[in-house]
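A.B. asks: Got a structure for you, questions after.
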Amino acid sequence: MVALDFLFRDPIIRASASTYNLDELARLGLKIEMNLSGNKIRFIGDPPIYPELIIWKPDYQGANTGRAVLVESIETAASINSPEAIDKWRRLSTQGVTFNLIVPFSSQALVRQMLVTHVINNVTLQTHNYDQANSRYIFTTVLRR
């Protein structure tokens, strides 16, 4: 199942990115990048961490380098319990940037407990839920830790 996880995760990444106002980001001198399955283009940290979404400020106009100001790790039910996911959350929470962890609505209680158990702080927990009536994802902030 995890091998096909991208079929579910990439649309959620795109939906989350669409919640940001691109004109406002540009006015602030910020850019947004998505690390979709098979196309990892922007990372933070050393060794590199590839969050699914990064909002970053270029070092200068037209630069391909800069510093992240916000990162999002977007999980599906299939990816939550992996040791790699937990390690990624822990590392993202210590990078000195705003960190949004976005998980399925049905998994929020489990993830809350995991954050406590693994002592992961400096994270905003959000949920994603697909609204079939309106054919869109809904994102809700449920915890700031």
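A.B. asks: Between a first residue in the range 50-77 that is crowded, with 20+ Cβ neighbours inside 10 Å and a second residue that is among the hydroxyl-bearing types (Ser, Thr, Tyr) and in a strand (DSSP E or B), which pairs have beta carbons less than 7 Å apart while being 6 or more apart in sequence or on different chains?
C.D. replies: PRO51/SER73; GLU52/SER73
A.B. asks: Which of the residues that make up the range 15-52 are part of a helix (DSSP H, G or I) and within 11 Å of the chain's Cα centre (by Cα)? Please lay out each step first, then the result.
C.D. replies: In the first step, residues of the range 15-52 are kept if they are part of a helix (DSSP H, G or I); the result is 15-17, 22-27.
Answer for the range 15-52, where residues must be part of a helix (DSSP H, G or I) and within 11 Å of the chain's Cα centre (by Cα): SER16, ALA17.
A.B. asks: Return a yes/no flag: does the range 108-123 have any residue that is surrounded by 14 or more Cβ atoms within 10 Å (Cβ to Cβ), of a type in the set (S, T, N, Q) and over 15 Å from ARG90 (Cα atoms).
C.D. replies: Scanning the range 108-123, I find at least one residue that is surrounded by 14 or more Cβ atoms within 10 Å (Cβ to Cβ), of a type in the set (S, T, N, Q) and over 15 Å from ARG90 (Cα atoms), so the answer is yes.
A.B. asks: Starting from residues that are within 13 Å of the chain's Cα centre (by Cα) and among the charged types (D, E, K, R), keep the ones in the range 53-89 and report whichever is nearest to ASP23 (Cα to Cα).
C.D. replies: By that ranking, first place goes to GLU72.
A.B. asks: Continuing with this model, one more query. Conditions: (1) surrounded by 13 or more Cβ atoms within 10 Å (Cβ to Cβ); (2) in contact (Cβ under 8 Å) with a residue 24 or more places away in the chain. TYR130 meets all but one. Number of the miss?
C.D. replies: Of everything listed in (1) surrounded by 13 or more Cβ atoms within 10 Å (Cβ to Cβ); (2) in contact (Cβ under 8 Å) with a residue 24 or more places away in the chain, TYR130 misses just condition (2).
Read-outs: derived from the displayed coordinates by stated rules, not from any lab. Model, not experiment: these values are computed from the prediction. All Cβ positions, glycine included, derive from the backbone under ideal geometry; neighbour counts span all protein chains shown.
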